[in-house]
Structures are given as C-alpha cells and as structure tokens.
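Asker: Following this message is one structure expressed as structure tokens.
The values are calculated or read from the model by the stated rules, or taken from the named source; none is laboratory data. Just so you know, these numbers come straight off a predicted model, no measurement behind them. Note that we place each Cβ from the backbone using ideal geometry, even for glycine, and neighbour counts take in every protein chain shown. Accessible surface areas use protein heavy atoms only, side chains included; no ligands, DNA or RNA. Shrake-Rupley method; radii C 1.70, N 1.55, O 1.52, S 1.80 Å.
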Amino acid sequence: MRGSLRAGLWVTGAVSIALTLSGSAAHAAILINPQGWRFPNIVTANKEVIRVSDETALIPGKETLLKGYRKADGTFFLTFEIEGRVFGVEIDTDGKPPFEYGIMDTDGDGKFETKIVPEKGSNDKGYVPQWVIDYYYSKHPELKEPSGIAKAAPPTLTAAPRPEPTPTTPGREPIPPPEIVNQPSP
C-alpha cells in the first residue's frame, strides 16, 4: 500500500510537471496505466524518418533522436530517445497529422505508463523525464548540468602495467621460480 501510494504521488508530480510545461491551462487528458500502455511494434513497421530535435533546454543542442515508423495499417508513430533510451512515442492511428496520443515512460522502468491525449487543435505534448536527463549527464560527465554543478566522473581502476613476456625455448615450458614450486598444494 505504501509503495503504491508513493508511486501514485510520483506519477501525480510527473503529470503536474507535464501540465506546467505545456502551459497554464490543461489542454490534454493524462491517463495513467501502472502496467503500461502497449508500445507499437517497430520490428514489423517500416522506418520512414530519422531526425534530431531539441526537446529540452536542460541538455544543450539537438539531443533527441526522433524515429518515425509506419505500420501496414497506415498507423504512423514517432519514438523519442536520448542516448539510446526511448522515453516516449507519439501515435497517429489514422496516418494523417496530428498525432492522436502519446505514451511516456516517466520513471525509467521500461513501462510506458503515462498516456497524453491532446485536445483537438492544441499542440500539447510530453516532456523529457528527469531520469533521461540524469542518464544523459551520467554518460557525459565532462558536461555541466544546467544548475552549474559539474558531475564527478565515475571512478576508474588503474591497471598495473602488463609484465614483459619471458622468452622461452621452443618446445620447453618455462620453469617457475622456486618460491612458486615450493608452495603447498591447495
């Protein structure tokens, strides 16, 4: 119960952010499905377009890769990804603009639990979730987040230098040093 309450509050906060980013008045229906909405099958669809776009001011430049696909029934859908992480898809079921709805993975669990259905004539859409932004900066530690705080680079292990190979006579195994030979067997 406590976990579902926490998840509900998190989703409510995410929806509030989406509505805040889209304007002062709500022009979209936000539907939540904890099991996730069905993601379109990109394997059976034809890829029609690939382009980059600037979808968030929190990451500099054109950071979002948009990939457009068309299914055999005419349905067109557009996936949104940053650094290989797909976080949203807009779906156009009649094959003609505008998109009828979009689905988003707001928390990075792989489930597209948020569905955004804009009102006719509005251009409300989703947003780039914080988990995607955090992932981007984890892959680019040399960049500073918009807050101005540089993320520390992940620690690395320094390997010891590789020992030089010992020359051996062909057909003969090298003889181990006495301290190795005199060790007891395990």
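Asker: Read phi for every residue in the stretch 97-105 and hand back ³J(HN,Hα) as whole Hz from Karplus 6.51 cos²θ - 1.76 cosθ + 1.60, θ = phi - 60°, with x for Gly and Pro.
Answerer: Residue by residue, the stretch 97-105 yields x, x, 5, 7, 6, x, 10, 9, 9 Hz.
Asker: Could you compute the net charge surrounding GLU48? Neighbours are other residues with a C-beta less than 13 Å from the C-beta of GLU48; K and R count +1, D and E count -1.
Answerer: Details: positive: LYS47, ARG51, LYS67, ARG70, LYS71; negative: ASP92.
Spelling it out: positives minus negatives among the neighbours equals +4.
Asker: Using 1/(1 + (r/R0)^6) with R0 = 45 angstrom and r between the beta carbons of LYS96 and ILE32, what's the FRET efficiency to the nearest 0.05?
Answerer: With R0 = 45 Å, the Cβ-Cβ based efficiency is 0.95.
Asker: A follow-up question, please. Show ARG70, ARG51, ARG85 ordered by accessible area, largest first, where the area counts protein heavy atoms only and the probe is 1.4 Å.
Answerer: Ranked from most to least accessible, the order is ARG51, ARG85, ARG70.
Asker: Right, next: In nm, give the distance between the simple-model label positions of LYS120 and VAL52, each being 7 Å from the Cα along the Cα-to-Cβ direction.
Answerer: The modelled label-to-label distance comes out at 3.8 nm.
Asker: Report the paramagnetic label zone for VAL43: residues of the stretch 90-133 whose backbone N is under 19 Å from a point 7 Å from Cα along the Cα-to-Cβ axis.
Answerer: Answer for the stretch 90-133: 110-112.
Asker: Using only the heavy atoms of the protein chains and a 1.4 Å probe, how would THR44, THR75 rank by accessible area, largest first?
Answerer: Listed by decreasing accessible area, they come as THR44, THR75.
Asker: Then there is this: When the Cα centres of the stretch 28-65 and the stretch 91-142 are compared, how far apart do they sit, in Å?
Answerer: Here the two parts' Cα centres lie 5 Å apart.
Asker: Could you calculate the contour length gain from THR75 to LYS139, that is, 0.36 nm times the residue separation minus the distance between their Cα atoms, to one decimal place in nm?
Answerer: 19.7 nm
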